[in-house]
1. As a check on your grasp of the helix formula, calculate [θ] at 222 nm for the chain: sum -39500 (n - 2.57) over DSSP H runs of n ≥ 4, divide by the residue count, round to the nearest 500.
2. Give me the Kirkwood hydrodynamic radius of the chain in Å, from all C-alpha pairs, to one decimal place?
3. Taking a label point 7 Å from the Cα of Gln146 along the Cα→Cβ vector, which residues of the stretch 110-138 have an amide N closer than 17 Å to it?
4. Output the 0 to 90 degree angle, nearest 10, between the alpha-carbon long axis of helix 91-102 and the longest principal axis computed from the alpha carbons of the chain.
5. Between Arg100 and Arg155, what is the FRET efficiency for a Förster distance of 22 Å, r being their Cβ-Cβ separation, to the nearest 0.05?
6. Nearest 10 degrees, 0 to 90: what angle lies between the long axis of helix 55-64 and the longest principal axis of the chain (Cα atoms)?
7. Fewest Cβ neighbours within 10 Å first, please rank Phe114, Phe44 accordingly.
8. Length gain on complete extension for the stretch Val8 to Gln30, per 0.36 nm per residue less the alpha carbon to alpha carbon distance?
Amino acid sequence: MAEPDLSVKSITKIVESYPRDKRHSLAILQDMQRSFGYIPREGFDILSRYLDTKIAKLFAMATFYRALSLKPKGKHVIRVCDGTACHIRGAPVLLDALERILGVKAGETTADGFFTVETVNCLGACAIAPVMVVDEQYHPQVKPDQVEAILKACRGGKNG
Ligand code: FES
């Protein structure tokens, strides 16, 4: 994945592609999330000036919606489902193994910027619980002792 262009020009281009109307705030933030992988600080500044709205309001919106992130994510985003079916079938043990191997907690990114670990509620694939998704690739019925091999495949470039 190429590094996102976080220049003022690039952020402004996204912001100004929307009408100057506060009701587009969320759509613009989502667009920045898609383009940059998170909402950069500059993004709040530029959007706040463009819509003549308080940064605090935009910030509150970004922290409310789980899909929006205030921090850059790792090259690979690992999501462990902790919905009911996955939880019952071992998601907590799976998450423990992942956190132990990577040395981070859910919601954090490894120091090398390679992996971000997140938990989610039901990915709609309960029949193959517990589910772990690396980027967009689903791994079904994952056992803790398979985690290392999945991570190794990522590091080896299979997912990158
Ligand atoms: S609970 Fe995990 S996919 Fe539904």
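1. -12000 deg cm²/dmol
2. After inverting the pairwise mean of 1/r, the radius is 17.0 Å.
3. Flagged as within label range: 123-138.
4. 80
5. 0.85
6. Between helix and principal axis, roughly 20 degrees.
7. Phe114, Phe44
8. 6.2 nm
Read the figures in this text as sums done on the coordinates, not as results from a lab. Nothing here was measured: the structure is a model prediction, and the numbers come from that model. All Cβ positions, even for glycine, are placed from backbone atoms using ideal geometry, and neighbour counts span all protein chains on display.
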